[in-house]
Amino acid sequence: MCIFPEATWNLTPSKPMLPMYWGVIDLAKQSGCPILPLILEYRENACYAKFGHGIYCGPADDKQAKYEELEEEMATLKWEIWETFPRESRKEIDLEEWEREVRRRLSEVPQVDYEQEKKFIRGAKVIK
């Protein structure tokens with residue numbers, strides 16, 4: 001089963017990870033199945049993929065700690081992909097082009113209310 005814990009595309013130009021939903025940790029704890037992180041990066045009509053190490057979540061494991069372990073693994077994978085591309089700087093990002101890309105991606109899923117979705121993303125309060 002594939003789960004996208006970030007729920008949608010990352011709509012920021014330089015942030016490797018969005019806040020994730022807790023559910024992926026809950027499912028791993030309840031099922032005893034590991035989380036196998038997979039990162040995708042889309043560039044110029046190509047998709048780059050990188051798998052990480054399996055993350056096991058036992059019933060007694062701390063939810064926050066496992067969340068942070070997964071987040072760190074996924075961000076590291078994203079950076080490893082980014083490092084294979086030529087260097088870019090923020091000031092070189094065409095913000096108008098970036099905004100067009102964000103609008104294009106959001107238009108592909110008109111049923112998603114991004115502001116509503118953010119209400120269900122992991123927040124400051126941790127439920128163990």
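The values are calculated or read from the model by the stated rules, or taken from the named source; none is laboratory data. Keep in mind it's a predicted model, so treat the numbers as computed, not measured. FYI the Cβ positions are ideal-geometry reconstructions off the backbone, even for glycines, and counts take in every protein chain you see.
Tell me yes or no: at least one residue of region 55-69 is in a strand (DSSP E or B), surrounded by 11 or more Cβ atoms within 10 Å (Cβ to Cβ) and on the phi < 0 side of the Ramachandran plot. Yes, because at least one residue in region 55-69 is in a strand (DSSP E or B), surrounded by 11 or more Cβ atoms within 10 Å (Cβ to Cβ) and on the phi < 0 side of the Ramachandran plot. Filtering region 1-46 to residues that are modelled with pLDDT of 90 or more, surrounded by fewer than 16 Cβ atoms within 10 Å (Cβ to Cβ) and within 30 Å of residue 92 (Cβ to Cβ) leaves only 38.
Being small (Gly, Ala, Ser) and either outside any loop (DSSP other than H, G, I, E, B) or modelled with pLDDT of 85 or more (or both) is the filter; apply it to region 70-111 and report the residue that is surrounded by the most Cβ atoms within 10 Å (Cβ to Cβ). The selected residue is 75.
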